[in-house]
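For reference, the structure discussed in these notes is given below.
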Amino acid sequence: MAKVWSKRFDNSLNPFIEEFNASIGFDRKLILEDLDCSIAHAKMLGKTKVLTSSETLQIINGLEKIKVDFLEGKFFPGPPSEDIHYCIEEKLISLIGETGKKLHTGRSRNDQVGTDIRLWLRKEIDNLDILITDLQKSFFKLAETNIYTLIPGYTHMQRAQPLSLAHHLLAYLEMFQRDRERFQEVRSRVNTSPLGAAALAGTKIKIDRDFTAAELGFEKIYKNSIDAVSDRDFCIEFVSASALAMSHLSKISEEIILWVTDEFSFAKLTDNCSTGSSLMPQKKNPDVPELIRGKTGRVYGHLQALLTMVKGVPLAYNKDFQEDKEPIFDTAETISSCIKAMTILMNEGIEFNIQNLSDTVEKDFSNATDLADYLVGKKVPFRDAYQVVGEIVKYCSEREMLLKNLKIDEFKKFHPKFDEDVFVDLQPLNVVKSRTSQGGTGFTQVEKEINNWRKKLLF
Ligand code: ARG
């Protein structure tokens, strides 16, 4: 197939270079966006009288026909077209003849491709918002039924203080909420139209950028034509927001992987969501969270690739930008599939060993802070109370005892202010219950948060 620009050249392109240069293998994903962009552009050229109404109609009908053929599987964009933009233009000309050659009036592939990827990303972000909301609901349902289930809380992966399991799960709802907010912020910048910037300088053809922007649902237009065709910040922002969201998914994945080990036994995976081993008959493997944890790396990699792609690239469009597509396509696909898998895992794949969890928090020193706070309640300065409890913990560890196993007389030897009621404060359920500060794990606080989330998620 002759290139659009073949008249300017003496020789045809080396076949390997032709393939190397092409993006049709991946940018065909943008076909519907490219068609919508072209339909809006053609309508605008009709409105400004650059095209006659009959030309406009022919072009729009031609583009609509390509859309229908594609959706019905009768048209498949591919080589020898160089990219999706040429592919559609070539197809249009083959369908409607000479008039098709007028579609590209007053625009360039530079503003066109920028428009396409923004339309595509906007749709992906809207879809992600729905998926993350479903993910939040799956966490919420587990939280709602586990307000009074206790789980050890860790810092440095050492037992720290017991928590309400619901509180632990609600921490993820907060992270996912920030992810949603971040995607919305990215969306507001994605939703800006570069169309009409043409190659880089604008055009002398009579165009109406506000019209095409409104047709395509963009909130605003780029103010500077050079910036419009050179800006890939929004791609980086999208992958960056995705990378952070993946870090949250990877964090819960890692926790689940630990929880389902024999060593922790905090939870088990149901048969719906675990896999066996080809050799060891006893195995049930947490492949789903492991895959999510593993896939996080690809998204981080895409972020690095995009940041490097724009580094030191002079204004305006440079072919480097063709490399923006695969990272954003793969990021969107990876994060969507990971969110869906995690939602299924939470809905039907995990069962907490509630008995084991409550036994576990009985057998450690995670109530030591409460012993110190007990003395604080009796007007002992915190630092002194802390030292006293340090000695008690040492004393108990050496004797393989827990704090609750000490007799009251032994407590009194460490500090005279200890009394019988200290044993009440040491019970894990009371330890959790007492954390009534705002945002704390105390049951009243957690119940309040559960109610807030129920309203927010519109249950
Ligand atoms: N396939 C190209 C891309 O994805 C389209 C824009 C080409 N523009 C150009 N001036 N060569 O970036």
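The values are calculated or read from the model by the stated rules, or taken from the named source; none is laboratory data. Remember, predicted model here, so these are calculated numbers, not experimental data. Reconstructed Cβ throughout: ideal geometry from the backbone, glycine too, with neighbour counts over all protein chains shown. The area values use the complete protein model at the heavy-atom level, side chains included, leaving out ligands, DNA and RNA. Shrake-Rupley method; radii C 1.70, N 1.55, O 1.52, S 1.80 Å.
Figures for the structure shown
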quantity	calculated
Exposed trypsin sites (Lys or Arg not before Pro) absent: longest stretch of the chain, with sites in DSSP loops and at most 15 other Cβ within 10 Å deemed exposed	75-203
Karplus-derived HN-Hα couplings along the range 405-416 (A = 6.51, B = -1.76, C = 1.60, θ = phi - 60°), whole Hz, x at Gly and Pro	7, 6, 7, 4, 5, 5, 4, 4, 5, 7, 7, x
Value of D in µm² per second that Stokes-Einstein yields for the range 70-211, Kirkwood Rh from Cα pairs, at 25 °C (0.890 mPa s)	124 µm²/s
Scaled radius of gyration (Cα, divided by 2.2 N^0.38 Å) that the range 183-264 gives	1.75
Acute angle (nearest 10 degrees) that the helix 84-96 long axis makes with the longest principal axis of the chain, alpha-carbon atoms	40 degrees
With DNA, RNA and ligands ignored, accessible area of H167 (1.4 Å probe; Å², nearest 10)	50 Å²
Cα shape, the range 289-394, gyration tensor, a/c 1.5 rule	oblate
Angle between the chain longest axis and helix 233-259 axis [Cα atoms, degrees, rounded to 10]	30 degrees
For the chain, calculated [θ]222 nm from helices alone, where every DSSP H run of n ≥ 4 adds -39500 (n - 2.57)	-19000 deg cm²/dmol
Whichever aspartates and glutamates have a C-alpha closer than 16 Å to that of K223, once near sequence neighbours (fewer than 8 apart) are set aside	D111, D208, D210, D231, D233
Exposure rank, largest accessible area first [F140, F75; 1.4 Å]	F75, F140
Where Rh is the Kirkwood radius over Cα pairs, Rg/Rh for the chain	1.16
M401 accessible area, assembled protein chains, probe 1.4 Å, Å²	40 Å²
J(HN,Hα) series, the range 280-294, from Karplus relation 6.51 cos²θ - 1.76 cosθ + 1.60, nearest Hz, glycine and proline x	9, x, 7, 6, 9, 9, x, 4, 4, x, 5, 5, 4, 4, x
Where the Cα pairs of the range 248-319 fall when distances are cut into 5 Å bins, in %	3, 14, 17, 17, 12, 8, 7, 7, 5, 5, 4, 1, 0
In order through the range 359-364: 3J(HN,Hα) via Karplus (6.51 cos²θ - 1.76 cosθ + 1.60), integer Hz, x for Gly, Pro	5, 4, 6, 7, 10, 8
Charge tally in the Cβ shell below 14 Å around H248, where Lys, Arg are +1 and Asp, Glu are -1, H248 excluded	+1
Under 27 Å from the Cα of K413 - lysines, other chains or at least 8 residues apart	K363, K378, K379, K394, K404
Largest to smallest principal axis extent of the C-alpha atoms in the range 1-40, angstrom	35, 21, 12
Heavy atoms of E323: accessible area, 1.4 Å probe, square angstrom to 10	110 Å²
With Cα atoms, 0 to 90° folded angle of helix 325-344 axis to the chain main axis	40 degrees
Pairs of lysine residues in the range 38-167 - Cα separation under 23 Å, sequence separation of 8 or more or cross-chain	26
Most to least accessible of T203, T444 (protein chains only, probe 1.4 Å)	T444, T203
For the range 340-381 versus the range 22-97, the gap between their alpha-carbon centres in whole angstrom	60 Å
